[in-house]
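Student: I'd like to ask you about the structure that follows.
Please treat every number below as a calculation from the coordinates, not as lab data. This one's a predicted model, so the numbers in the text were calculated from it and none came from an experiment. Cβ: placed from backbone, ideal geometry, glycine included. Neighbour counts: every protein chain shown.
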Amino acid sequence: MPKLRWLSHSCFWLEAGGKKILIDPFLSGNPLARENPEMLRPDYILLTHGHGDHLGDGLAIAKSSGATIVAPNELAVYCNRQGATVHPMHIGGGWDFDFGRVKLTIAHHGSGGGDDGTLYLGNPCGFLVFSEGKTIYHAGDTGVFYDMKLIGEMHPVDVALLPIGDNFTMGPADAVKAVELLAPKTVIPMHYDTFGLIKQDPHAFAAEARKKGAKVVVLEVGGEYEF
């Protein structure tokens, strides 16, 4: 039975298929994070894009733990040049790993990196993770897009991890529309409250999203959800 733990922002620890998977590990410099990145030993690290609040500690954790970074091709190549083991992928592509299958979806956002944020690191993505008969959708940083309906139709989603922070991603109202389009069984909001520009009330979002028929789980930092 897969288990998710929210480490704050868009960072999740997923245990599924006998493996430990870390997604978008922004921990150092994150005022909400409680985990010490030096103590994490994942088998895989999934990176949706190259912004510092998503790539985060990914390189350091990958190199200290031996984890394989799974990311869009250009970001994966960059990480490999920094000494990490990588598995490059791209939008629409899928691959069968030893814990299950991963497929990349589109995400409407940016992916610049480097000191000034202008280093080209390819396209951002979302992730579909298929393991133990369950489907997890991590939307990454994105605005709402109508192809979410197609994602939900082709791959019925058990748990959708959706940003609600606004300003840099979709806000609560657009995230509710995303719930309508995806029709997931369960929704967990993410990418909010880390700093002032993305301060939101997740419970207000949850109340509206439940009207679309989904179960909504609002996790505290460090909170877990097993499904």
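Student: Quick check: pseudo-label points 7 Å beyond the Cα along Cα→Cβ at Met39 and Asp96, how many nm apart are they?
Tutor: Calculated label separation equals 3.7 nm.
Student: What are the residues whose amide H is under 5 Å from the amide H of Ala160, where those residues sit 5 or more places off or on another chain and H is modelled from the backbone?
Tutor: Counting only residues 5 or more places away or on other chains, the set is Tyr137, Thr186, Val187, Ile188.
Student: Taking the alpha-carbon centroid of each part, what is the distance from region 61-105 to region 147-173 in angstrom?
Tutor: One Cα centre to the other: 22 Å.
Student: Which one is right for this structure if log10 I(q)/I(0) by the Debye sum over Cα atoms at q = 0.10 Å⁻¹ is calculated from it: (i) -0.49; (ii) -0.38; (iii) -0.43?
Tutor: Only one option fits the structure, namely (ii).
Student: Can you spot the lysines whose alpha carbon is less than 24 Å from Lys20's alpha carbon? Ignore those fewer than 8 places along the same chain.
Tutor: Lys3, Lys63, Lys103, Lys134, Lys185
Student: OK, next. Using a cut-off of 17 Å between alpha-carbon atoms, which aspartates and glutamates can reach Lys199, once sequence neighbours fewer than 8 places away in the same chain are excluded?
Tutor: Straight-line reach from Lys199, under 17 Å: Asp53, Asp141, Asp166, Asp174, Glu220.
Student: Please turn the phi angles of region 134-144 into ³J(HN,Hα) values with the Karplus equation 6.51 cos²θ - 1.76 cosθ + 1.60 (θ = phi - 60°), one per residue in order, whole Hz, x for glycine and proline.
Tutor: 10, 10, 10, 10, 9, 6, x, 8, 7, x, 5
Student: What is the magnitude of the charge dipole of the chain about its Cα centre, with +1 placed on the Cβ of each Lys and Arg, -1 on the Cβ of each Asp and Glu, and no other charges, expressed in debye to the nearest 20? Could you put the intermediate results ahead of the total?
Tutor: Values: 19 positive and 26 negative charges, 96 e Å.
Here the size comes out at about 460 debye.
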